[in-house]
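What follows is a short report on a single structure.
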């Protein structure tokens with residue numbers, strides 16, 4: 001099986017891995033991501049991009065990745081309010097890495113629709129070869145249902161630019177909970193945008209830990225089931241399986257793999273560099289199989305090996321990207 005990873009993050013060129021979340025992730029999972037901790041301390045961005053590109057090129061299963069950064073948080077007046085020093089890679093960062101590695105990168109832009117020149121920027125970046133868009137509207141505090149963003153979505157639709165929308169819980173940056181909900185998909189869908197719901201719309205909460213890790217579908221988040229239903233009724237809606245190997249989200253894999261009615265709408269995706277464990281997670285694979293998967297050194301192939309246990313190599317999951325992008 002060979003496919004395209006439809007959800008990969010470029011980190012900021014100013015990344016320092018100095019947040020507690022970053023330090024813990026790098027120390028615990030850096031090696032599993034192909035990232036050397038000592039090198040990451042000296043030159044974090046170079047270490048990260050070397051690990052990313054090296055892992056793609058070494059992968060047996062991943063041909064290319066859809067790569068994007070995250071735009072800044074912008075005020076209603078168009079002023080920059082916040083730029084996360086880890087997550088907010090610029091479109092220029094993405095473009096530079098793409099130009100040096102065109103054979104393995106499909107560039108996606110991230111443009112906050114609150115920018116006063118957002119429509120012009122869509123034209124600018126699409127002309128440079130960017131083939132998709134990424135929203136982190138929960139970080140931006142952007143309610144996509146606001147009618148003032150209609151022209152933005154219409155332009156994406158007219159240009160046939162697919163849009164990845166974060167749906168569900170977020171832990172790496174501050175998140176406005178009301179902007180994580182599945183209704184964030186309504187406006188782009190209405191305007192005909194080729195829309196990708198990231199992470200299968202899965203939220204998680206530790207207020208009820210037993211339900212959080214339960215493999216019983218009756219304990220799954222209701223928005224997960226709503227998304228499955230929406231996939232059946234919206235021809236322009238797709239969903240990616242990014243971060244589905246994280247401990248809480250993995251529980252849905254046995255159920256999702258049996259949803260034949262939406263198999264033509266699912267997209268392979270990892271959410272690299274979000275760390276995951278092939279052993280300590282909530283899917284139903286026997287320990288011997290988990291241990292075997294965990295031994296895989298390449299992070300993309302390790303993710304793919306786990307997913308292949310649920311979606312065999314001839315499953316449409318691995319080819320559905322062809323309906324959205326030309327690679």
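Here are a few things to note about the model shown:
- Taking the criterion of being surrounded by fewer than 21 Cβ atoms within 10 Å (Cβ to Cβ) and assigned to a helix (DSSP H, G or I), the residues of segment 294-327 that qualify are 294, 301, 305, 308, 316, 322, 323.
- Scanning segment 249-266 for residues that are surrounded by fewer than 19 Cβ atoms within 10 Å (Cβ to Cβ), part of a helix (DSSP H, G or I) and in contact (Cβ under 8 Å) with a residue 24 or more places away in the chain gives 254, 255, 261, 262, 263, 264.
- The residue that is surrounded by the most Cβ atoms within 10 Å (Cβ to Cβ), among those in segment 133-164 that are out of contact with any helix residue (DSSP H, G or I) (no Cβ under 9 Å at 6 or more places or on another chain) and assigned to a helix (DSSP H, G or I), is 154.
- Hey, residue 130 in contact with a strand residue (DSSP E or B) (Cβ under 6 Å, 6 or more places away or on another chain) and outside any strand (DSSP E or B) or not: yes
- Qualifying residue in segment 28-41 (condition: buried (at least 18 other Cβ atoms within 10 Å of the Cβ), under 21 Å from the mean Cα position of the chain (by Cα), in contact (Cβ under 8 Å) with a residue 24 or more places away in the chain and at positive phi): yes
- Residue check, residue 70 surrounded by 15 or more Cβ atoms within 10 Å (Cβ to Cβ), in contact with a helix residue (DSSP H, G or I) (Cβ under 9 Å, 6 or more places away or on another chain), at pLDDT 95 or above and not in a strand (DSSP E or B): yes
- Answer residue from segment 88-109, given it is surrounded by 15 or more Cβ atoms within 10 Å (Cβ to Cβ) and more than 23 Å from residue 62 (Cα to Cα) and is nearest to the chain's Cα centre (by Cα) among those: 88
- Criterion (part of a loop (DSSP other than H, G, I, E, B), in contact with a strand residue (DSSP E or B) (Cβ under 8 Å, 6 or more places away or on another chain) and over 13 Å from residue 197 (Cα atoms)) met by exactly one of 246, 270, 281: 270
The values are calculated or read from the model by the stated rules, or taken from the named source; none is laboratory data. What you are looking at is a predicted structure, and each value in this text was computed from that prediction instead of being measured. Neighbour counts run over all protein chains shown; Cβ positions are idealised from the backbone, glycine included.
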